[in-house]
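Novice: Pasting a structure here, questions to come.
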Amino acid sequence: MNKDDPLEPETKDESDTVLARQSSDETLYCEAEAPMAVEKEKPARESSETDLEIEDTEKFFTTGQRELYLEACKLVGVVPVSYFIRNMEESYVNLNHHGLGPRGTKAIAIALVSNTTVLTLELADNCITEEGILSLVEMLQENYYLQEMNISDNDLGLEGARILSEFLQNNTSSLFSLQLSGNNFKEESAELFCQALSTNYRIKSLDLSHNQFSDKAGEYLGQMLALNVGLQSLDLSWNRLYIQGAVALCSGLQANVSLKKLDLSMNGFGNEGAAALGEVLRLNNSLAYLDLSSNNISTEGLSKISKGLELNESLKVLKLYLNPLSMDGAVLLILSIKRNPRSKMEDIDISNVLVSEQFVKILDGVCAVHPQLDVMYKAVQGLSNKKNLFTWASPVKLIQSYADQHKISVLDFFRSLNPSGETTMPVGEFRKAMIQQNKVPVNRYQVRELIKKLGEKTDMVDFSSLKMTKP
């Protein structure tokens, strides 16, 4: 067969399919006249693989989508990825670490132009370069279904940032989540992204971690945050935002009304940056999650953050792990929550801090006022407390015993905690309900164990999978 001829149909039912070849490698997509799609059972999502051999997947896909991708691979001269062929009708496609390169990325982009099922696309660590980014951007101008894209660890640099920022400035796609971690972005790249995001608010979640943003980038980011009213989650961890950069960033945060989650861990801005964040917490009432882990914040800086928390009415999660904090600083922190009757704080992570029995008593008093609160610390000084950790009864067994005695299911017990009667609850509300209920007496450590079993990583507890049968 001449390589310029269209692929031969593989079945009698597919004989009407005709694929038009492209006149130039610069054209992004192929036009295909596909037969009417036939509903077929989709295979379960499978893990990503590096095997690039084509397998017989005819029974899973309509001819049009598969043949379009195969023809695109011929056009750009790459071996088709069998995983993509098998999963191109799934909502989630994981092509991380596949070594696609720019041409392999272009073939994927061609196939996705007319795809209506893929909502999340993972393309991390594929050496896609600026050429691959250009193909993806052109695809996004035609595809109105893709919502989340991960192109981390592709070393895109300034030229890749330029292409992406031009797209973001005029973004009319459905894309709302973009992961750009580890792409060697520096100050100039930050300026380009911030210019685009100052006027276009479609992106809700942006990951810029593991790049090389420093103080000047902090200024650009602060200016953008003061104007942007769409971004809800921003990850700037593992950058170089030192004192000046952190202070400039915080200046913009004071005026921001949309950002709910901010990760600034592993930047090293110290007590001066912490003081600026304390002022943000005093004024900002939209931020709900703040990660400040490993930033060289001592008790001096923590005292400034604590002052802000005395007036804050929105923050629910505060992570301060791997900062050089003393127990005195930890006491200041939890007392600031006690002084704020409107605090919504649910989780504080100071899990590298060794505390005393006196701290635990103070925390008990704080939790009496704010039963939704849980504080993770390293340990309590003294062996007696360590022994107590192992004497608590399993909360699951206690609840099961109560359910058996009252001839109800465990699910019925948990549903009784939720005013709506639903089988899911936010973690903070669940913790508060468990502490305040009097049917099965449990302490906050037992509740923490329950939350780990029921969905700690999702910010929701889900008891829908528990046994529904009554004894």
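Novice: Considering only segment 43-122, give the helices (runs of 4 or more DSSP H) lying wholly within it that have at least 2 residues that are under 29 Å from PHE176 (Cβ atoms), at pLDDT 95 or above and under 27 Å from the mean Cα position of the chain (by Cα).
Specialist: Filter on segment 43-122 gives 82-87, 101-112.
Novice: Within segment 124-156, count every residue that is under 16 Å from SER91 (Cβ atoms) and not hydroxyl-bearing (Ser, Thr, Tyr).
Specialist: Result for segment 124-156: 6.
Novice: Let me ask something additional. Which one of these does SER181 not meet: (1) free of Cβ contacts under 8 Å to residues at least 40 places away in the same chain; (2) under 30 Å from ASP215 (Cβ atoms)?
Specialist: Answer for SER181: the failing condition is (1).
Novice: Exactly one condition in (1) assigned to a helix (DSSP H, G or I); (2) in contact (Cβ under 8 Å) with a residue 24 or more places away in the chain; (3) not assigned by TED's automatic domain parsing to the domain that holds SER286 is false for MET434; which is it?
Specialist: (2)
Novice: When the residues of segment 181-216 are narrowed to those that are more than 12 Å from GLY157 (Cα to Cα) and among the acidic types (Asp, Glu), which ends up farthest from the chain's Cα centre (by Cα)?
Specialist: Within segment 181-216, the match that is farthest from the chain's Cα centre (by Cα) is ASP215.
Novice: Let me ask something additional. Of the residues in segment 238-261, how many are part of a loop (DSSP other than H, G, I, E, B) and surrounded by 21 or more Cβ atoms within 10 Å (Cβ to Cβ)?
Specialist: Counting residues in segment 238-261 that are part of a loop (DSSP other than H, G, I, E, B) and surrounded by 21 or more Cβ atoms within 10 Å (Cβ to Cβ) gives 4.
Novice: I'd like to know if segment 344-352 contains one or more residues that are of a type outside the set (Asp, Glu), modelled with pLDDT under 95 and part of a loop (DSSP other than H, G, I, E, B).
Specialist: Taking every residue of segment 344-352 in turn, none turns out to be of a type outside the set (Asp, Glu), modelled with pLDDT under 95 and part of a loop (DSSP other than H, G, I, E, B).
Novice: Further, regarding this structure: Quick one: is LEU158 buried (at least 22 other Cβ atoms within 10 Å of the Cβ) and either in a helix (DSSP H, G or I) or out of contact with any His (no Cβ under 8 Å at 6 or more places or on another chain) (or both)?
Specialist: no
Novice: Which one of these does GLU357 not meet: (1) at pLDDT 95 or above; (2) over 30 Å from SER214 (Cβ atoms)?
Specialist: (1)
The values are calculated or read from the model by the stated rules, or taken from the named source; none is laboratory data. These figures come from a predicted structure and were not determined experimentally. Glycine gets a Cβ as well: all are built from the backbone with ideal geometry, and neighbour counts include every protein chain shown.
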